[in-house]
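Structure first, commentary second.
The values are calculated or read from the model by the stated rules, or taken from the named source; none is laboratory data. This structure is a prediction, so every number in the text was calculated from the model and none was measured. So basically every Cβ, Gly included, is an ideal-geometry build from the backbone, and we count neighbours across all protein chains shown. These area figures cover heavy atoms from the full protein model, side chains too; ligands, DNA and RNA do not enter into them. Shrake-Rupley method; radii C 1.70, N 1.55, O 1.52, S 1.80 Å.
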Amino acid sequence: MIKSNLKLGDILIKQGLLKQEQLNYALEEQEKKGGKLGEVLSVLEFVSEQDIASALSKQLGVLHASIEKGLLRPNLHQGLEKLIPHDYARSRKILPLSKHLNTMTVAMADPLDLIAIDDIMKMTGCDINVVVATASDMNQALDSFYQSKDLKKKSIQEQFILMDSETTKEQKVDVRDIFSESEAAPVVKFVDLILGDAIEQGASDIHLEHFEARISLRYRIDGVLYDANAPDPKMYFAIISRMKILAKMDIAERRLPQDGGFSIAFGDKIIDVRASSIPTIFGEKIVMRLLDQAKLPLEFEYLGLDNYDLKIIRKEIFKPFGMVYLTGPTGSGKSTTLYTILNEIKTPRKNIITIEDPVEYKLDGINQVQVKPLIGLNFANSLRSFLRQDPDILMVGEVRDLETAQMCIRAALTGHMVLSTLHTNDAPTAVTRIMDIGIEPFLLVSALRLVVAQRLIRRLCEKCKEEIKPDVRYKDMNIKEPVYEAKGCEVCRFTGFKGRVGIFELLPINEEIRNMIYYRKSSDEIRKRAEATGMRSLYKCGVERMKQGITTLEEVIAVTVSD
């Protein structure tokens, strides 16, 4: 931890902030009255608190955090106030800033208070990373962090007095009561607060759920869920109802899942919100997905595709006919990749039609159709009509059944380029899944051109990523480039990561793979043959991103299967 052999007084003298006579006088006063040298120098007004904190940071080799620099802002979504109680934090002037894996970063006015550091380690079960701050900055930051949470909770409770009612019990609910409560000003303001806070934090999803003894509010940021300040349980049904009204759902129906959506203006941005509710044993759970079209530059380089991947994709998507599948779990970025492909190949000379559920992003020059099952407008029926619209390119949101798969195959075999998605774990499994649905191999080998599997991994924050020496984890990886790990700073909310990037597994359907499909070989056999002829697995693609300094090995392992 110690980075300098110089004492505090010597550092201040070397910086020209203190004279030797002043230091001698301060040392005499310290001997008479006791206390720390920094406090004595500050009382005598020889140097400022900030100067002392800066000198301590150099002496100990730790970061100097200040309010002015914006570094004394705790992460609001990690429940840090529950890990270090307010009274203890106040008495020892300790402020929790962030928690990453098993390491907690805390600001301290006295970074040499080893007893306090030991206490925090026992309280939290974490290793402690210390930053130094002045006592006055610490007092102000502690007030802001702990009191804002207390006041917010108190404000919510006070607001609910206006609508406190026994009708929160589900068996006694009257629809008119729900509607009136959901339109009450405090509820409207709280829902607006949730949406605004989530957008400011860069969240992709909002999760509001009811458990037996508590309410949970969480935001998904860069693929990870973080706790936020939950509402009072008495407000829960009114808040859920308000969200359902906005999303044009039936507020009286609590027994069945529902979907809906709405758009909101936030600053100069328009945010599309997709809402989904499901009934649970303690009350409805609602999830809202936030889609900011302004954040979506539809370019292959932005997705994380390198030249190796781009060469394969561009070779296939510009062919006049055939079928390209994207595969991966929900939230892996398939839709964004599909839109990027469409944006790449669209031209006034081509008629492009899509059928989606739902239409997530609106693209100029492309005819987009929304699935409406209640009136019979499903994927298969829409495709029949599309083929009479003289299309060149068709995009089908998802292949879910045999009828839709057959229509896709038919379109691909009759001179159309078809793009679609499947839910499988990797590219070779997508091939066998299509046959499992009921498509005959001889049809599939004639139509299929390319399968792309993908995942999203978190990007290291460029401002604070830290170079490390490769250890036993990187054995046999032939590491020649620098390896980085997450550290955490104000820019990335002390998580060490900011944004996400895709990793891809591309399976071109060449002559060898066609023969294996025709004879119904297993996905494992197809994978071995494909990798032998150059296919790069998701794991290997992730390792390449790690070697490029984009992510960490832990992130790669978290979303892929190691070879």
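Which ones in the stretch 58-97 are at positive phi and touching a strand residue (DSSP E or B) at 6+ places or on another chain (Cβ under 9 Å)? Before you say what the answer is, go through the steps one by one.
Filtering the stretch 58-97 for residues at positive phi gives 61, 70, 79, 93.
Result: Gly79, Lys93.
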message = I'm checking my understanding of the structure. Among residues of the stretch 319-362 that are polar (S, T, N, Q) and within 24 Å of the chain's Cα centre (by Cα), which one is most open to solvent (accessible area, probe 1.4 Å)?
response = Thr330
remark   = If we take the stretch 462-548, then helices (runs of 4 or more DSSP H) inside it with 2 or more residues that are more than 31 Å from the chain's Cα centre (by Cα) are 511-518, 523-532
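Output the residue which, of all residues in the stretch 441-461 that are in a strand (DSSP E or B) and open to solvent by less than 10 Å² (accessible area, probe 1.4 Å), is nearest to Gln406 (Cα to Cα). Let's see the steps before the verdict.
Pass one, the stretch 441-461, residues in a strand (DSSP E or B): 448-460.
When the remaining residues are screened for being open to solvent by less than 10 Å² (accessible area, probe 1.4 Å), the result is 448, 450-454, 457, 460.
On the way: Leu448: 12, Leu450: 17, Val451: 17, Val452: 20, Ala453: 22, Gln454: 24, Ile457: 34, Leu460: 43 Å.
Here the answer is Leu448.
Residue-wise test of (1) surrounded by 13 or more Cβ atoms within 10 Å (Cβ to Cβ); (2) under 29 Å from Asp222 (Cβ atoms); (3) at pLDDT 85 or above; (4) more than 28 Å from the chain's Cα centre (by Cα).
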position: Glu29; (1), (2), (3), (4): yes, no, no, yes
position: Leu41; (1), (2), (3), (4): yes, no, no, yes
position: Val62; (1), (2), (3), (4): yes, yes, no, yes
position: Ser66; (1), (2), (3), (4): yes, yes, no, no
position: Glu81; (1), (2), (3), (4): yes, yes, no, no
position: Ile84; (1), (2), (3), (4): yes, yes, no, no
position: Ala107; (1), (2), (3), (4): yes, yes, yes, no
position: Cys126; (1), (2), (3), (4): yes, yes, yes, no
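For the condition closer than 24 Å to Glu505 by Cβ and at pLDDT 85 or above, what is the one hit in Thr347, Thr414, Thr327? Walk me through it before giving the result.
Numbers: Thr347 fails: closer than 24 Å to Glu505 by Cβ; Thr414 fails: closer than 24 Å to Glu505 by Cβ.
Within the list Thr347, Thr414, Thr327, the selection yields Thr327.
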remark   = How many residues of the stretch 380-431 are open to solvent by less than 10 Å² (accessible area, probe 1.4 Å), within 22 Å of Leu456 (Cα to Cα) and assigned to a helix (DSSP H, G or I)? The answer is 4
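Take Asp222 and decide whether it is among the charged types (D, E, K, R), open to solvent by 20 Å² or more (accessible area, probe 1.4 Å) and at pLDDT 85 or above. Full working, then the answer.
Numbers: among the charged types (D, E, K, R): yes; open to solvent by 20 Å² or more (accessible area, probe 1.4 Å): yes; at pLDDT 85 or above: yes.
Yes; evaluated as a whole, the condition is true for this residue.
Yes or no: Gly283 modelled with pLDDT of 85 or more, open to solvent by less than 30 Å² (accessible area, probe 1.4 Å) and not hydroxyl-bearing (Ser, Thr, Tyr)? Break it down stepwise before answering.
Numbers: modelled with pLDDT of 85 or more: yes; open to solvent by less than 30 Å² (accessible area, probe 1.4 Å): yes; not hydroxyl-bearing (Ser, Thr, Tyr): yes.
So Gly283 passes the test.
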key: the stretch 50-88: number of residues that are in contact with a Phe, Trp or Tyr (Cβ under 7 Å, 6 or more places away or on another chain) and either farther than 28 Å from Glu555 by Cα or in a strand (DSSP E or B) (or both)   = 1
request  = Give the number of residues within the stretch 520-535 that are without any contact (Cβ under 8 Å) to a residue 24 or more places away in the chain and touching a Leu at 6+ places or on another chain (Cβ under 9 Å).
outcome  = 0
query = What pairs come up if the first residue lies in the stretch 377-406 and is on the phi > 0 side of the Ramachandran plot and in contact (Cβ under 8 Å) with a residue 12 or more places away in the chain, the second is of a type outside the set (Val, Ile, Thr) and surrounded by fewer than 21 Cβ atoms within 10 Å (Cβ to Cβ), and their beta carbons are under 8 Å apart, counting only those six or more places apart or on different chains?
reply = Asp390/Asn351
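A quick yes/no check of all residues on (1) without any contact (Cβ under 8 Å) to a residue 40 or more places away in the chain; (2) of a type in the set (D, E, K, R); (3) in a helix (DSSP H, G or I); (4) open to solvent by 10 Å² or more (accessible area, probe 1.4 Å):
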{"site": "Pro96", "(1), (2), (3), (4)": "yes, no, no, no"}
{"site": "Met104", "(1), (2), (3), (4)": "yes, no, no, no"}
{"site": "Ala116", "(1), (2), (3), (4)": "yes, no, yes, no"}
{"site": "Met123", "(1), (2), (3), (4)": "no, no, yes, yes"}
{"site": "Val130", "(1), (2), (3), (4)": "no, no, no, yes"}
{"site": "Asp137", "(1), (2), (3), (4)": "no, yes, yes, yes"}
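Regarding Val131, is this residue over 17 Å from Ala228 (Cβ atoms), in contact with a Ser or Thr (Cβ under 8 Å, 6 or more places away or on another chain) and at pLDDT 80 or above?
On the way: over 17 Å from Ala228 (Cβ atoms): yes; in contact with a Ser or Thr (Cβ under 8 Å, 6 or more places away or on another chain): yes; at pLDDT 80 or above: yes.
Criteria met by Val131.
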